[in-house]
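The values are calculated or read from the model by the stated rules, or taken from the named source; none is laboratory data. Source: prediction; values computed, not measured. We place every Cβ from the backbone using ideal geometry, glycine too, and count neighbours over all the protein chains shown. Surface areas here come from the heavy atoms of the whole protein model, side chains and all, with no ligands, DNA or RNA. Shrake-Rupley method; radii C 1.70, N 1.55, O 1.52, S 1.80 Å.
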Amino acid sequence: MLSLDDSANLQASVNAALENGMPLRIRGGGTKDFLGHPCNATPLDMRRHRGVIDHQPGELMVNVRAGTPLAELNAALAREGQQLPFEPPAFGTDATIGGTLACNLSGPARPHGGAARDAMLGVRMLNGRGEIVEFGGQVMKNVAGYDLTRLMAGAMGTLGVLLDVYLKLVPMPEQTTTRVLELDAETALRQMREWHASPLPVTATCHDGHRLYVRLAGTADCVGAAARRIGGEEPADTDFWRDLREHRLSFFDSQRPLWRISVAANAPVPDLPGDCLIEWGGNLRWYRGDAGETEIRDWAQMHGGHASCWRGHAAQAFHPLSGGLFKLHRKLKQAFDPAGIFNPGRLYPEL
Amino acid sequence: MPTQSASLQDRERLARELGKQIPRQNILWQEEDLRPYECDALSVYRRLPLAVVLPETIEEIQRIARFCNERNIPLVARGAGTGLSGGALPDPGGILLSLARFQTILDIDPENRLARLQPGVTNLAVSQAAAPHGLYYAPDPSSQIACTIGGNVAENSGGVHCLKYGLTVHNLVALKIVTMDGELVSIGERALDNPGYDLLALMCGSEGMLGIIVEVTVRLLPVPESAQVLLAAFDDIANAAAAVSAIIGAGIIPAGLEMMDRLTIQAVEDFVHAGYPRDAEAILLCELDGTQQEVAELIRRVETLMRRHGASETRVAQNEQERQRMWQGRKAAFPAIGRISPDYYCMDGTIPRAALARVLTGIRRLSEDYGLPVANVFHAGDGNLHPLILYDANRPGELERTEELGGRILELCIAAGGTITGEHGVGMEKINQMCLQFDEAALRQFHAVKAAFDPQGLLNPGKAVPTLHRCAEFGAMHVHHGELKFPELERF
Ligand SMILES: Cc1cc2nc3c(=O)[nH]c(=O)nc-3n(C[C@H](O)[C@H](O)[C@H](O)COP(=O)(O)OP(=O)(O)OC[C@H]3O[C@@H](n4cnc5c(N)ncnc54)[C@H](O)[C@@H]3O)c2cc1C
């Protein structure tokens, strides 16, 4: 694996940007360019800052440079029988771990293994004053100072440039099995919630509109017993979870707008025109259809959640924040990036 | 620390003004009423506030915040006061805000596996309320019968089960906070992964510095089908430490993995007779949970690993009663130490598991150098040490030596690539060691974040993050990547 420390150059670029007042667009593999608002600024290429700095299997910890390709990281971890707990989607071969964390993207394992942010233990980053600062560290439990590490997850690069991150890992399960049952969406929603509330070793659930998929993982005996209890069949599509994660299922091949709606698990099937795919035990709904932005957002909010526009057009890519919350966002942006040089407008147009 | 007391008239005048904001009977200002609030569980630090307020509604909290903000009066939040770092220590020129009246469980939602709580609800009450639904709240600090969920969020508390189920931050779904300007802000509701900046994470472990937590929604988990405990005894603490790494390295994540050293074992046996082997140098308690098949198989594998790493004895609890008895000893460890020493001081560093044996040896040497016994009972699975320094506050100079020894232990943790606090927070206590763990730029970034929420610095002043000035006075050097300055000096 290629290992290069480009932090000095990245710092020089940030300092130059500060000097000439030209904002930067932090960019890994560009696989998430579609997410958030477009931002016209000079690209800051992260891909020369790459490689695993330290992987301690006995510590369940990896320290990795942000520009490391996700695929390379996954392969390196797999060689030691470990994986990232949050099963991140890549959306292309060039995805980097830094971009993945900046977007806080998690895959089907989210309800079981936590979100990307949950795995973040420490960060070394460049702030908007051109300083390299470090927070958190390599250990699982650490409450020294504010948790500025996890604050970077989902900030879409608007607070600083992630250089190196410490991530928590999990062992790969001994055995994994998928079962599939023919069920309508409403029954499936109820069934998912029941499974996630039971002691069964469920690590993912998905309803694609017609069928309910459930993934079981753990020791061989335990998975076998759970599979017998759940019933159903083995699916024909052996790569189902990968295809779901990467949006390669047929549900995702339409030109119609795509929304990601996160709601309470017991929210009903949305009465919006179009199709819906359910994940995360009911907490995540992918909606493909032509309902208006306000209508979608109102539905999400009514069910305790929020909606992001994934593909298509919306005035706000991410769910608008309440006044008080947005005020705190503006002040935090100021606290990290007073000159506004990082990814202006990418997350919210006014940030 | 000397007790400072403001003049009676000052306090009475303030109480009168406050009486326009909240009912008079919920304001305390006479010295004898303030006494119970003078310290948290780290009682070496004591101070009296000007007044204590016990609001009953969120609106009252908002009014108090505005009142303080307009008059530049420091405001310190307090849950149950079980904190171990002086986080809830009052400000001598400020108001202490107790959340004691906020004890209502607002909603248990079994379908969504959520509990919506007022901040003063105790940690244990959450699991008790969830139990009828087969659910529980995973983070379980040893203080769970007393500590509040608001305090848990403010400290990002952990417990025995955090190795598998995470800390407070991993189990939090939504918060409502009141900022220093009196604004009520909701963060999240019932969904996952909120849009924008992760303010839930930021509030976790913020030690009352950024806002008052007025409502908390946490995730509940299904009670595991089965749980089993294995006890392993070792003649050498280094072997016990190696067994810890081996278990995790083998891909097994126990629900809890705790270590106790000889001094602790003796104290516990004398106190509760938990049936621990008295002659062992160290014991490990390993709890595994999951389905019946899974637990049975994992127990076998863990037992083999323990033996392979030199365990002289392994014992599996044969029934629930035995399991409870094994844990009872662990839970009684602090009070047991309290019986054999007039005072003890609890430290809280975290280190990488691989450094356990080395750091424990280092602690033993420091203990000999300082002539103060140190007992170790801790969360070995996540490398979270709790060295208990035994001392007698009545002996002149002994507390000072204890604090110095504590500081040296924390330096060992930083040098091993760890941190000065795993779960108890910085508070007042570890403020100087913050200067070792963070450099100037990082500290400035912390202050900038604080100012984003509280520009006048009124919430819990002087805690959690040291001023650069203080660090200069402390004469501390930041320890970079475990490289201490003057490495030639013997530290272990
Ligand atoms: C015997 C014993 C065992 C312990 N075991 C553990 C353990 O296993 N794991 C662990 O993590 N901790 C442990 N602790 C430490 C302590 O119990 C925890 O830190 C706990 O979370 C503190 O809760 P509290 O309600 O007592 O908070 P307090 O002590 O009252 O306050 C703690 C901090 O939180 C702030 N705060 C409190 N409530 C609010 C609020 N509503 N809004 C904003 N800020 C607030 C305070 O200002 C202060 O800074 C133990 C303590 C004792 C005495």
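Things to note:
- Normalised per residue, the volume of the convex hull around the Cα set of chain A (Å³): 136 Å³
- For the range A:107-161, the equivalent ellipsoid derived from the Cα gyration tensor has semi-axes of 22, 15, 7 Å, listed largest first.
- Applying the Kirkwood pairwise sum to the alpha-carbon positions of the protein assembly as shown produces a hydrodynamic radius of 27.6 angstrom.
- Going from the isolated chain to the complete set of protein chains, the range B:402-439 loses at least 40 Å² of heavy-atom accessible area (1.4 Å probe) at B:438.
- Expressed as a whole percent, the accessible area of chain B that falls on carbon and sulfur atoms is 48 (1.4 Å probe).
- Inter-part distance, the range B:205-257 to the range A:1-16, computed on C-alpha centroids, equals 37 Å.
- Portion, in percent, of the accessible area of the range A:163-320 that falls on carbon or sulfur, probe 1.4 Å: 45 percent
- Computed over protein heavy atoms with a 1.4 Å probe, the accessible surface of the protein assembly as shown works out to 36 Å² per residue.
- q = 0.12 Å⁻¹: log10 I(q)/I(0) that the Debye formula gives for chain B, counting C-alpha atoms only: -1.14
- Backbone phi angles across the range A:222-230, fed through the Karplus curve with coefficients 6.51, -1.76 and 1.60 (θ = phi - 60°), yield HN-Hα couplings of 5, 5, x, 5, 5, 4, 5, 5, 6 Hz in residue order; Gly and Pro are listed as x.
- Of the GluC sites (Glu not before Pro) found in the range B:238-316, no site is in coil according to DSSP while having at most 13 other Cβ atoms within 10 Å of its Cβ.
- Shielded by partner chains, the range A:267-310 residues - at least 20 Å² of accessible area, 1.4 Å probe, vs chain alone: A:280, A:283, A:304, A:306
- Within chain B, the longest run free of exposed loop sites, counting trypsin sites (Lys or Arg not before Pro) that sit outside DSSP helix and strand states (H, G, I, E, B) and have at most 12 other Cβ atoms within 10 Å, spans B:21-277.
- For the range B:53-129, applying the loop criterion from DSSP together with a ceiling of 16 other beta carbons within 10 Å to the GluC sites (Glu not before Pro) yields B:56, B:111.
- Per residue convex hull volume, Cα atoms of the range B:164-303, in Å³: 177 Å³
- Antiparallel DSSP beta bridges within chain A, percent to nearest 5: 90 percent
- Distance from the range B:123-138 to the range A:105-120 (C-alpha centre basis), Å: 24 Å
- Interface A-B: total buried accessible area of about 6500 Å², 1.4 Å probe, protein heavy atoms only.
- With contributions of -39500 (n - 2.57) from each DSSP H run of at least four residues, the per-residue ellipticity at 222 nm computed over the protein assembly as shown stands at -9500 deg cm²/dmol.
- Neighbours of residue A:38, meaning other residues whose beta-carbon lies under 14 angstrom from its beta-carbon, give a summed charge of +4 when Lys and Arg score +1 and Asp and Glu score -1.
- Carbon plus sulfur fraction of accessible area for the range A:12-113, probe 1.4 Å, in percent: 47 percent
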